[in-house]
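Read through the structure below, which is laid out as structure tokens, and then see the notes.
The numbers here are math on the coordinates, done by the rules we state, and not lab data. Keep in mind the model is a prediction, meaning the values are calculated, not measured. Glycine gets a Cβ as well: all are built from the backbone with ideal geometry, and neighbour counts include every protein chain shown.
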Amino acid sequence: GAGNVTDRRVIIGQVFWDDVADKPTSYSTTIIEQPVITKSANYTLTSTDANKTIYYTASSNVTLTIPDVLDVGDYVTVVQGGNGKITLAGSGYVMAAYGNKLQTEAQYAVATVTKLALGVYVAAGRLI
């Protein structure tokens, strides 16, 4: 199914308030865009999904297929929002994971898949 993009932002900032006249007051903020995409069925990742969160609302198990479309250092985070577990499947390579665990554990489990090199992806998180 088509995904809905929800505007979610992570804001990292520092604010310094200083009553001492010879020290400057500074304010800086960095906005990091990380949209959340909602899915409820099997889905194949595209390059435009890089560095985003995919929130699954499925009541039955689904598969997220991840072809080698990300740039080195890119990642995707998945959240199991419903009862359906998410299976992470590499396409054209073998995805690495501790203990070869590639399925989310339970509702609200979070996992991240990161591309380390050409054809080298690693999955980590609440996986069984």
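Yes or no: segment 81-92 includes at least one residue that is surrounded by fewer than 15 Cβ atoms within 10 Å (Cβ to Cβ), in contact (Cβ under 8 Å) with a residue 40 or more places away in the chain and either touching a helix residue (DSSP H, G or I) at 6+ places or on another chain (Cβ under 9 Å) or assigned to a loop (DSSP other than H, G, I, E, B) (or both). No, segment 81-92 has no match at all. Can you tell me which residue in segment 56-94 is farthest from the chain's Cα centre (by Cα), limited to those that are more than 11 Å from A41 (Cα to Cα) and of a type in the set (S, T, Y)? For segment 56-94, the residue satisfying everything is Y93. Residue count for segment 64-79 under the criterion of being surrounded by 16 or more Cβ atoms within 10 Å (Cβ to Cβ) and farther than 13 Å from T112 by Cβ: the result is 1.
Conditions tested, residue by residue: (1) assigned to a strand (DSSP E or B); (2) in contact with a helix residue (DSSP H, G or I) (Cβ under 8 Å, 6 or more places away or on another chain); (3) not aromatic (F, W, Y).
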{"position": "I54", "(1), (2), (3)": "yes, no, yes"}
{"position": "A58", "(1), (2), (3)": "no, no, yes"}
{"position": "G73", "(1), (2), (3)": "no, no, yes"}
{"position": "V76", "(1), (2), (3)": "yes, yes, yes"}
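One residue stands out among those in segment 111-128 that are of a type in the set (A, V, I, L, M, F, W, C) and surrounded by 14 or more Cβ atoms within 10 Å (Cβ to Cβ): the one that is farthest from S47 (Cα to Cα), which is L127.
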